[in-house]
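First comes the structure, then the notes that go with it.
The values are calculated or read from the model by the stated rules, or taken from the named source; none is laboratory data. Given the structure is predicted, the values throughout are model-derived calculations rather than measurements. Every residue, glycine among them, receives a Cβ derived from its backbone with ideal geometry; neighbour counts consider all protein chains shown. For accessibility, only protein heavy atoms count, side chains too; no ligands or nucleic acids. Shrake-Rupley method; radii C 1.70, N 1.55, O 1.52, S 1.80 Å.
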Amino acid sequence: MGKQGSGNRIIIYIDYQKERFFIRRNGSTEDPSPELLSSGQVESVAVLTDSSLFSKKREEGYRYYAKGAKYHFHEKPLDVPSLNKPRSLFQSLKLRENTIVGLLFSNRLLFFAYHRGEVVWRFTDVDSTEESEIEGRINELNLPGHYKREIYGYTLPFERLSEAIQATPVYRDLEQEARRSRRLQIALSIGAVALSLLVWGFLFLKESRAKTKVEELAREKSNIMREIKRELQLRLPLYLDHLNVPFDAVLKELAFLEGRRFALINVTVEKDEIAGRVTLSDPKEAFKIKEASRATLSLKGGNIEVNFTRPLKKAAALPGSRSVRGLFTLK
């Protein structure tokens with residue numbers, strides 16, 4: 001069969017109660033032959049098979065499903081692989097309570113209703129399309145008389161069915177959703193790992209910078225302490241350990257040794273007195289040191305020792321002065 005006009009394209013696929021056919025837009029039927037499927041006449045279709053299920057919850061045993069306002073419409077994998085993105089005929093017909101929905105096509109009547117918590121249905125031939133004939137077939141199900149009729153080809157123009165089908169979402173594929181979920185999980189895992197690495201890198205850099213800062217501060221502190229000690233040595237008098245005696249005063253008392261030649265000098269400070277012993281071998285130098293310091297001379301193993309003592313006043317404590325005890329010690 002050749003390709004026909006777009007107004008006559010296939011819109012519904014039914015494989016139901018041992019009957020298997022497509023329904024065209026004009027209500028006629030056609031066998032689902034390979035030639036028909038390859039001719040390009042099959043649109044996005046609504047399907048109904050013996051495996052179709054109307055349920056209040058999603059059934060894991062079905063690959064395809066569509067979610068309505070209150071119910072789920074299920075379909076197992078179709079045996080017509082060329083059908084692209086099928087839709088639920090149940091959903092296209094808006095199956096719901098207090099309403100009879102269905103199709104009247106090629107002298108066949110297919111209708112459904114939701115009554116007392118169950119889906120009731122009838123797929124039957126009709127001798128005519130007269131109202132009495134159609135209502136008689138509907139009344140065979142003993143449905144309440146107030147149920148509204150929404151049957152395409154009977155109370156609704158059959159041509160409008162294609163619009164209802166196009167407005168219906170396609171069946172959702174559980175296999176595709178599982179693959180998307182796995183990809184999402186992988187992406188989230190990779191993202192979590194990447195985020196963890198970023199956080200770890202940030203904390204590592206922050207810790208490294210903190211350590212570097214601590215080391216810099218320690219070096220700066222050490223430099224400051226060295227500078228303080230150097231300045232103290234340059235600017236403050238140095239005090240002997242345990243005595244409030246400035247070192248420069250001791251050196252001043254030893255000024256008489258300037259220009260003299262000697263081998264060894266030993267100086268001690270005790271209380272208010274400075275005592276010293278100078279060892280040398282030149283008698284002339286010994287005599288000059290003795291005269292300058294009013295010292296005594298003695299001979300020790302070929303060397304001359306000059307012993308002297310001098311009074312020394314302790315330095316007065318100055319208000320607000322800084323203590324340098326412990327920084328410098330002379331012995």
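Assorted remarks:
- Of all the residues in the stretch 5-24, those that are open to solvent by 70 Å² or more (accessible area, probe 1.4 Å) and at negative phi number 2.
- ASP79 farther than 21 Å from GLU43 by Cβ and assigned to a loop (DSSP other than H, G, I, E, B): no
- ILE228 vs. criteria without any contact (Cβ under 8 Å) to a residue 24 or more places away in the chain, open to solvent by 80 Å² or more (accessible area, probe 1.4 Å) and within 30 Å of ASP248 (Cβ to Cβ): no
- Condition broken by ARG160, with the remaining ones in (1) part of a helix (DSSP H, G or I); (2) without any contact (Cβ under 8 Å) to a residue 12 or more places away in the chain; (3) over 23 Å from ILE12 (Cβ atoms); (4) open to solvent by 60 Å² or more (accessible area, probe 1.4 Å) satisfied: (3)
- Index of the failed condition, TYR114 passing every other in (1) at pLDDT below 90; (2) assigned to a helix (DSSP H, G or I): (2)
- Of all the residues in the stretch 122-143, those that are of a type outside the set (Ser, Thr, Tyr) and under 10 Å from LEU109 (Cα atoms) number 7.
- When the stretch 31-47 is filtered for residues that are surrounded by 15 or more Cβ atoms within 10 Å (Cβ to Cβ) and not in a loop (DSSP other than H, G, I, E, B), the ones remaining, listed by number, are LEU36, LEU37, VAL42, GLU43, SER44, VAL45, ALA46, VAL47.
- Answer from ARG96, ARG137, ARG108, ARG58 - the residue that is in contact with a helix residue (DSSP H, G or I) (Cβ under 9 Å, 6 or more places away or on another chain) and open to solvent by 40 Å² or more (accessible area, probe 1.4 Å): ARG58
- Near pairs, Cβ below 6 angstrom, 6+ apart or cross-chain, from the stretch 115-129 (touching a residue at least 12 places away in the same chain (Cβ under 8 Å)) to any residue that is surrounded by 11 or more Cβ atoms within 10 Å (Cβ to Cβ) and among the small types (Gly, Ala, Ser): VAL120/ALA113
- Meets criteria (at pLDDT 80 or above and closer than 27 Å to ARG260 by Cα) for LYS313: no
- Residues located in the stretch 252-276, provided they are open to solvent by 90 Å² or more (accessible area, probe 1.4 Å) and either within 21 Å of GLY301 (Cβ to Cβ) or part of a helix (DSSP H, G or I) (or both): LYS252, ARG261, LEU264
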